[in-house]
Amino acid sequence: MSLLIFLVLILSIGASSASNATNNKRFPENFLWGCGTSAYQIEGGWNADGKGPSIWDNITHENPNFIKDGKNADVSADSYHKYEVDIAMLKELGVNFYRFSISWPRVLPTGFPDNVNQPGVLYYKNLIAELRSNGIEPVVTMYHNDLPQTLQDRDGIKNPDFVDWFAQYSRFCFQTFGDDVHYWLTINEPYVACTIGFYSVVYVDGIDDYVCMKNFLLAHATAWHIYHEELKMKGKVGIVLNSNWFEPETNSTEDLEASERTMQFIWGWLGHPLYKGDYPEIMKIRVANRSKLEGYNQSRIQELTSEEIAFAKGTNDFFAANTYTTSMVKRIPEAPIGTPSHNKDLGVESYQPSNWQSTGLDWLKVVPWGMRKLLKWIKNEYSNPPILITENGYADSTGELEDTSRMNYIRDYLSYIRDAMEYDGVNVIGYSYWSLMDNFEWVSGYTAKFGVINVNFTDPERTRTRKLSSYYYEKVIRNRCLVDDCQD
Ligand code: PNW
């Protein structure tokens, strides 16, 4: 018996290492290699030179116990003063693009373009010019969680006027920085911002999430129309969607349907209107049915008009995806009718098995094979769009320099990306590791670190030190390949 277990163990190790062999094919010559950050998470200078407060300044100052270590990003990695050091590091890594975000209240302290903060504009002008002179393409996110507090005071993203506020802000960004920026990302992770990411801002489950997602969709589409039709600019504009791959627990029709339904509810919530027009059918049906049984006289989903459907369709120049992990999903019995809830509308159970490799964050398990399945799903669902992976990364709690787990994460996820390109014909145009450096990880404060570069947050100089993974990533970029023995 013990011999049998031994044999099974040997065989299964053999099998898993064979199927997990790192892809040794070179990436295409024009593949885009990058690293990402966001303004609030790295810049500091929270009130420097006329910057207005954002909701994150407000939350961390008013409610420090909301953050795991009670800290804020008033200084963080101090990139507002150290952007030249950041760019020197990017240069060392050999990336060909850098994804960063513009802090809305740094350039427009009140939220509106009738009041421009020139030092804030100059900061981004300098950053962009310095990137360009080092041959690094700026990929710029316009909204990455840091809403001007003045707009939150007017109900923020829940206010239908948000669409117009964002239109004004995006037009300002395009006109101010557009000559030197050819890749624009309108909104980062609307799904997170409208559900779990509402954080301390008051929101009603099953109601405000639908309002928020609709406003983001129309805000994005408006920006896209401004860029291409009003300003006739020549670059590309996309929105950053995010989530996990959802693997069916079994091959039963129920679980397969639960997996597809989850993909539609999360990726399809905006993916469907952007590529196919309107919300996914399954989502419209389920939310409408439950809304009716709950006594609402119209669906909580915020049905789109035929004008809105036409306006939003076709407004994503490339598919920007943030993805870190995978969940298992299964069908569960229909939840009883009661208070509305987006999760009840979805109506599945998802989880991550405890034997999956864990990281410094609960939700982030290392599941590289999910990457290939996700990419294949996006390809099939949206007719093979160009895909830019705008975030993917590994967190630990230490910021250690000998970060072999992060190095392996990068290798294994990129291996499945290369597999998807080679075997499934997925059109992946680039990859951006999250993050260039350790930074403020929202509600986790400084307890979770994603950087390939360590930042010493107790040192007034905020000294940056390269981790092992940064040397690996540098080599991957230089060779366009994950292993030493590469094949063309
Ligand atoms: C993204 N979740 O946020 C953000 O775009 C980054 O700013 C952030 O640092 C990064 O991922 C790592 O967290 C997420 O709970 C926040 O599933 C939370 C989740 C996912 C992404």
Legend entry - Across the chain: Cys residues that no other cysteine approaches within a C-beta distance under 4.7 Å: 35, 173
Legend entry - Peptide ranges 329-339, 285-295, 183-193 listed from the most packed, as the mean C-beta count within 10 angstrom indicates: 183-193, 285-295, 329-339
Inset, instruction - Compute the FRET efficiency between residue 48 and residue 363 as 1/(1 + (r/R0)^6), taking r as their Cβ-Cβ distance and R0 = 35 Å, and round to the nearest 0.05. - result: 0.60
Legend entry - Chain lengthening between residue 488 and residue 133 when straightened (0.36 nm per residue, less Cα-Cα): 124.7 nm
Legend entry - Segments 436-448, 416-428 sorted - mean Cβ within 10 Å per residue, highest first: 436-448, 416-428
Legend entry - Residue-averaged 222 nm ellipticity for the chain, from DSSP H runs of 4+ at -39500 (n - 2.57), nearest 500: -12500 deg cm²/dmol
Legend entry - Built amide H within the under 5 Å cut-off of residue 391, gap 5+: 321, 322, 323, 432
Legend entry - Only Lys, Arg (+1) and Asp, Glu (-1) charged, at Cβ; the chain dipole about Cα centre in debye: 700 debye
Inset, instruction - With a point put 7 Å past each Cα toward its Cβ, work out how far residue 116 is from residue 306 in nm, to one decimal. - result: 4.2 nm
Inset, instruction - Would you be so kind as to identify which of 420, 369, 433 lies farthest towards the positive end of the dipole of segment 350-488, taking Lys and Arg as +1 and Asp and Glu as -1 on Cβ and the Cα centre as origin? - result: 420
Inset, instruction - Go ahead and collect, in residue order, the members of segment 456-477 whose backbone nitrogen is under 17 Å from a label point 7 Å along the Cα-Cβ direction of residue 398. - result: 456-457, 465-470
Inset, instruction - Evaluate Rg over Rh across segment 134-259, taking Cα atoms for both radii and Kirkwood's formula for Rh. - result: 1.06
Inset, instruction - Find the relative contact order for segment 258-405 and round it to a whole percent, using C-alpha pairs within less than 8 Å whose residues are 6+ positions apart. - result: 25 percent
Legend entry - Proximal aspartates and glutamates relative to residue 25, as straight alpha-carbon distance under 18 Å, when same-chain residues fewer than 8 apart are discounted: 412, 419, 422, 424, 474, 484, 485, 488
Inset, instruction - Per residue, how big is the convex hull around the C-alpha atoms of segment 353-418? Give it to me in cubic angstrom, could you? - result: 105 Å³
Inset, instruction - Just grab the label-to-label distance for residue 62 and residue 480, each label 7 Å out from Cα along the Cβ direction, in nm (one decimal). - result: 5.1 nm
Legend entry - log₁₀ of I(q)/I(0) at q = 0.06, 0.08 Å⁻¹ - the chain, Debye sum with one point per alpha carbon: -0.26, -0.48
Inset, instruction - Note down the relative contact order for the chain as a percent, whole number, built from C-alpha pairs under 8 angstrom at least six residues apart. - result: 19 percent
Legend entry - Anisotropy class of segment 98-159 from Cα gyration tensor, a/c 1.5 cut: oblate
Inset, instruction - Would you work out the relative contact order for segment 163-237, in percent, from Cα pairs under 8 angstrom that are 6 or more residues apart? - result: 51 percent
Inset, instruction - Among the listed pairs 236/330; 91/125; 373/467; 313/373; 71/91, give every one whose C-alpha distance is greater than 28 Å. - result: 236/330; 373/467; 71/91
Inset, instruction - Give me the number: length gained by fully extending residue 257 to residue 356, i.e. 0.36 nm times residue separation minus the C-alpha to C-alpha distance, one decimal in nm. - result: 33.3 nm
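FYI, it's all coordinate maths here, none of it is from the lab. Every value quoted in this text rests on a predicted model; they were computed, and no experiment measured them. Quick reminder, even Gly has a Cβ in these numbers, built from the backbone with ideal geometry, and neighbours come from all protein chains shown.
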